[in-house]
Amino acid sequence: MPQGDKSAYTDKQKRQAEHIEESYEDRGVSNDEAERRAWATVNKTSGGGKKSGSGRGHDENKEPAQKGGKKGGAASASRTPEERSASAKKAAATRKRNAASKA
């Protein structure tokens, strides 16, 4: 099988890669880079293409799909309530100031 041939992948894996690629393109990543990242994510999740033979199935690694939200929550949780309140007040003032300048 030549490099880059996707015939060994299931329909589900192909759909996953397509959705991931679209997401990257929406965020401004080039087409080639988005495709590369999408297939790398599918490979990390499923372990590659479909494998023939009895007993070859295994659970999917869901971590690549769940990585995104971890950082923000940890950062917020490490701050005191006073710090979060001050940040929220500052953000509200900035939004108010920007809205006034646009009007």
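When ranked by the protection proxy of mean other Cβ atoms within 10 Å per residue, highest first, what sequence do the peptides 31-43, 8-20 form?
Working: 31-43: 16.2, 8-20: 14.7.
Highest to lowest by the protection proxy: 31-43, 8-20.
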The chain: relative contact order in percent, alpha carbon pairs under 8 Å with at least 6 residues between: 20
Reach of Lys62 by Cα under 18 Å, taken over lysines that are not fewer than 8 positions away in the same chain: Lys12, Lys14, Lys44, Lys50, Lys70, Lys71
Stokes-Einstein D (µm²/s) once Rh is taken as the Kirkwood radius of region 1-64 over alpha-carbon pairs, at 10 °C in 1.306 mPa s: 127
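For the chain, which whole-number percentage of the solvent-accessible area (1.4 Å probe, protein heavy atoms only) is attributable to carbon and sulfur atoms?
On the way: 4040 of 8170 Å².
It is 49 percent, rounded to a whole number.
The values are calculated or read from the model by the stated rules, or taken from the named source; none is laboratory data. Keep in mind the model is a prediction, meaning the values are calculated, not measured. Note: ideal-geometry Cβ built from the backbone for every residue, glycine included; neighbour counts use all protein chains shown. Side chains included, ligands, DNA and RNA excluded: accessible areas come from the protein's heavy atoms. Shrake-Rupley method; radii C 1.70, N 1.55, O 1.52, S 1.80 Å.
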